[in-house]
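The values are calculated or read from the model by the stated rules, or taken from the named source; none is laboratory data. These figures come from a predicted structure and were not determined experimentally. With ideal geometry, Cβ positions are generated from the backbone for all residues, glycine too; neighbour counts draw on all protein chains shown.
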Amino acid sequence: MNAISQDAVASASGSKLEALNAWVAEVAALTRPDTIHWCDGSDAENAALTAKMQADGTLIKLNEQTHPGSWLHRSDPDDVARVEHLTFVCTSERDDAGPNNHWMAPADGHAQMDALFDGCMAGRTMYVVPYCMGPIGSPLSRCGVEITDSPYVVANMRIMTRMGAPALARIEKEGAFVKGLHSTGELDPNRRFIMHFPEELTIKSYGSGYGGNALLGKKCHALRIASHQARSEGWLAEHMLILGLQNPQGDTHYIAAAFPSACGKTNLAMLIPPEGYLNDGWKITTVGDDICWMRPGADGRLYAINPEAGFFGVAPGTSKKSNPNALACLQRDAIFTNVGVTADNQPWWEGLDNGQQPATDWRGEPYDAAKRPAAHPNSRFTVSAKSCPSYSPEAENPAGVPISAIVFGGRRASLVPLVFEARDWTHGVLVGAAMGSETTAAATGAVGVMRRDPMAMKPFCGYNFADYFSHWLSFDNGANKLPKIFHVNWFRKSDAGKFMWPGFGDNLRVLEWMIGRVKGEAGAVETPIGFLPTDADLNLDGIELDDEARAKLFGFEQAGWQAEFASIGEYLGEYGPRMPQALKDEQQRIAAKLAD
Ligand code: SAT
Ligand code: MN
């Protein structure tokens, strides 16, 4: 092994915590960077990093008049999404990772990754990025340190997490942190792996600079590693947005909702009520748009925090009409990845609908509609949550917010009605476990294929789904006051293939019904799949739905659900004896009712 520079060795000791210094020194000895930089998260540090990236072309300055402080990053064209087939969970026992994960034995995983990391930072700077997931002072928060050779990752982590000196201080006090090692390597898809070692609270990621693969605080820590931690510590780490629904009387109910990637979590979290509701004084506040950590409080209710500090949202389709709050956040200090640009260097994407035209596409070539879209379908923006007009002050509350309702949802063109309510917690866990959705551009692979995506955690659960469902069921212990569980489908299509529900702001009507159910005020009919509203139980004033839409959005299709439950039964069976009996019993109870 080549020696690393004396400077690098000396600067490996940037912390009062010996365990951290030792790990940094160990990583430096393996990766052999030219220099080591401990990130403090300051403005000056960010300015220097940004200038460096501008100089080497990693960041392109956007129009300073229209988008002050904003940047465009064009990734390698082969590095635009998460790579689920290259993502592994390395547990000592294969079954602990479960059929829902790719598995490798920890020793093999380390050997494979360390061979890739060997000398990979030669000529580069190694950044040590201490971060806190969640408000710095919250007992629900957890910390990590990401070591990376990508300044783009540092800049994104600074927006997406509480990064720098305060996080390091907390880490030094606690003495514990999740270790994440990342290098962009050669960006060669054949030399790209994202591996998790939950038993060691360790992540190793090589060969990609894309969000979910490289910002290790996000999916790798806050979901895969945290789900494992949460199981042993009695809490839940979920792929959910958190919003506050405030009624005209000023009461706020908090709702957590799980949808697969690129299914509208950001839009729902930032929803602006339709006009009539606005006039009446309804309001939505945003706590988080992607990840939710929750834990029972002293009163038995589930209290949730958003572990993130920013939004890493899908750009295409974001417009003044679909999400005015997101658009407002994007006016300044944002990083755009893989969007197009106009002739005067403003960011542009399909569905922006602001009357402008793209000049250059996401690959930096002149825009040609016949060749490719201007923005990659999974192009993203990174922006601080604090810049969002609807950001809830409660998002910074160290105690978290009490959750009144949990919502599961997917993209289902057929069968699944607009909304239904689970009978009880066990049924709700089955509803989550049985979630199906059509795949999106957020992951590499075919788009539009229906797959089971339990609780929107298929790509993110760091352990065996059967154990995960058992963990969910364990919250129903008689002492907890659990939220009601609902399922929604904004994506139901007509026979002619058109979306039937207007969605966006009008989704508030569905949320209103849910809180009405929580308070025991709203009506519903009982069916074998749960409680469904009729079209009279929801406020549909001001929207037009034809007979087909009413029938399909509020209807229950017995034959279709029989087939669906047979498929759910098969899916649960794939997990063998580890699948909790209570869930299998619940599936059979409903299947029997459907057969009546
Ligand atoms: O994985 S990311 O966090 O980059 C985006 C997503 O798929 O949800
Ligand atoms: Mn997500």
Contacts under 7 angstrom Cβ, first residue in the range 553-567 being over 16 Å from F491 (Cβ atoms), partner loosely packed, with under 14 Cβ neighbours inside 10 Å, 6 or more apart = Q562/A595
task = Of the numbered conditions (1) within 16 Å of ligand 1 (Cβ to nearest atom); (2) in a helix (DSSP H, G or I); (3) of a type in the set (S, T, N, Q), T318 fails exactly one; give the number of that condition.
result = (2)
inquiry  = Taking the condition of being assigned to a strand (DSSP E or B) and either assigned by TED's automatic domain parsing to the domain that holds M133 or closer than 28 Å to M457 by Cα (or both), how many residues in the range 273-303 meet it?
reply    = 12
ask   = Here are some residues: I194, I242, I171, I225. Which one is touching a residue at least 60 places away in the same chain (Cβ under 8 Å) and in the same structural domain as G300 (by TED's automatic domain parsing)?
value = I242
The one condition in (1) modelled with pLDDT of 95 or more; (2) part of a loop (DSSP other than H, G, I, E, B); (3) farther than 30 Å from L572 by Cα that P99 fails to fulfil = (3)
Any helices (runs of 4 or more DSSP H) falling wholly within the range 175-270 and containing at least 1 residues that are more than 16 Å from ligand 1 (Cβ to nearest atom) and within 20 Å of the chain's Cα centre (by Cα) = 226-233
note = Over the range 385-429, the set of residues assigned to a helix (DSSP H, G or I) and among the acidic types (D, E) is E394, E396
ask   = Restricting to the range 326-366, what's the tally of residues that are of a type in the set (A, V, I, L, M, F, W, C) and in a loop (DSSP other than H, G, I, E, B)?
value = 8
request  = Could you tell me whether C132 is more than 28 Å from T444 (Cβ to Cβ) and among the hydrophobic types (A, V, I, L, M, F, W, C)?
outcome  = yes
key: Which listed residue is surrounded by fewer than 19 Cβ atoms within 10 Å (Cβ to Cβ), away from ligand 1 (no atom under 16 Å from the Cβ) and assigned by TED's automatic domain parsing to the domain that holds R301, from G505, G560, G530   = G560
task = Would you mind stating whether I272 is in contact with a helix residue (DSSP H, G or I) (Cβ under 9 Å, 6 or more places away or on another chain) and farther than 28 Å from H221 by Cα?
result = yes
key: Hits in the range 235-247 (condition: out of contact with any Asp or Glu (no Cβ under 8 Å at 6 or more places or on another chain) and within 20 Å of G144 (Cα to Cα))   = W235, L236, A237, E238
request  = Write out, first by first residue and then by second, each pair whose Cβ atoms fall under 6 Å of each other, whose residues are 6+ apart or on separate chains, and whose first residue, in the range 246-273, is modelled with pLDDT under 95 while the second is surrounded by 22 or more Cβ atoms within 10 Å (Cβ to Cβ) and among the hydroxyl-bearing types (S, T, Y).
outcome  = P260/S437
remark   = Log entry, pairs with first residue in the range 524-551 being farther than 20 Å from V429 by Cα and free of Cβ contacts under 8 Å to residues at least 24 places away in the same chain, second being surrounded by fewer than 17 Cβ atoms within 10 Å (Cβ to Cβ) and among the basic types (K, R), beta carbons closer than 8 Å, six or more apart or on different chains, reads D535/R550
